[in-house]
Amino acid sequence: MIDRTRLHLQTWFDYRPPAGDSGEMSTAESVSRRSPYRNGEARRKEILTEAKRAFAGSGYHGASLREIARVLGVSPGVIVHHFSTKEQLLVAVLAERDVESSIAIAARGEVGIADAVLDLMRDNLREPGLIALFATLTAEGANPEHPAHDYFERRYEDLTEQIAAGVRAEQ
């Protein structure tokens with residue numbers, strides 16, 4: 001069986017408390033110290049959601065940070081604050097999609113490797129534009145110069161390893 005606790009991708013922008021922060025604080029201090037993070041995390045999720053829609057609808061080259069910002073009602077600088085480049089935003093969208101898929105499959109409980117792959121394929125059918133973009137980017141990502149090359153290389157190494165482990169476990 002696939003180890004459901006090990007998602008095939010880790011998120012790229014995990015929050016880490018500052019060095020020396022014990023994590024212990026009063027409620028008032030917690031609210032004041034955590035609120036900007038919560039607001040920033042909410043904004044980051046909004047940006048990812050809109051970027052996913054834009055990339056799925058217009059493709060990587062057709063989508064622009066300016067248009068994503070316009071739809072969100074913010075300046076492009078707000079997006080750049082959270083994601084330094086369009087390439088970084090793309091990789092974050094792809095990683096977020098993989099995490100969403102992994103969570104959806106894990107929520108279904110323990111299943112064999114073949115059922116897990118079929119579940120993933122069914123899950124992917126819900127977003128055909130994103131899947132078309134993903135297929136295009138996978139092909140483009142074979143080029144070492146492409147901004148998502150490292151992402152796809154690591155992703156397929158991890159997936160190959162997980163599928164092989166799942167097959168071995170079922171034999």
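Just name the residue that is farthest from the chain's Cα centre (by Cα) out of those in segment 106-153 that are assigned to a helix (DSSP H, G or I), in contact (Cβ under 8 Å) with a residue 24 or more places away in the chain and more than 21 Å from Gly59 (Cβ to Cβ).
This residue is Ile113.
Which condition number does Met25 fail, the rest of (1) in a helix (DSSP H, G or I); (2) at pLDDT below 95 being met?
Here Met25 meets the rest and fails (1).
Within segment 92-122, can you find the residues that are among the charged types (D, E, K, R), in contact with a helix residue (DSSP H, G or I) (Cβ under 8 Å, 6 or more places away or on another chain) and more than 21 Å from Thr138 (Cα to Cα)?
Let us first name the residues in segment 92-122 that are among the charged types (D, E, K, R), namely 96-98, 100, 108, 110, 115, 119, 122.
From what is left, the residues that are in contact with a helix residue (DSSP H, G or I) (Cβ under 8 Å, 6 or more places away or on another chain) are 96-98, 108, 119.
Within segment 92-122, Arg108 is the sole residue that qualifies.
For segment 140-159, which positions are at pLDDT below 85 and open to solvent by 60 Å² or more (accessible area, probe 1.4 Å)?
Glu140
The values are calculated or read from the model by the stated rules, or taken from the named source; none is laboratory data. The model shown is predicted, which means the values in this text are computed figures rather than measured ones. Ideal geometry is used to build each Cβ from the backbone, glycine not excepted, and the neighbour counts take in all protein chains shown. With ligands, DNA and RNA removed, areas are computed over all heavy atoms of the protein, side chains included. Shrake-Rupley method; radii C 1.70, N 1.55, O 1.52, S 1.80 Å.
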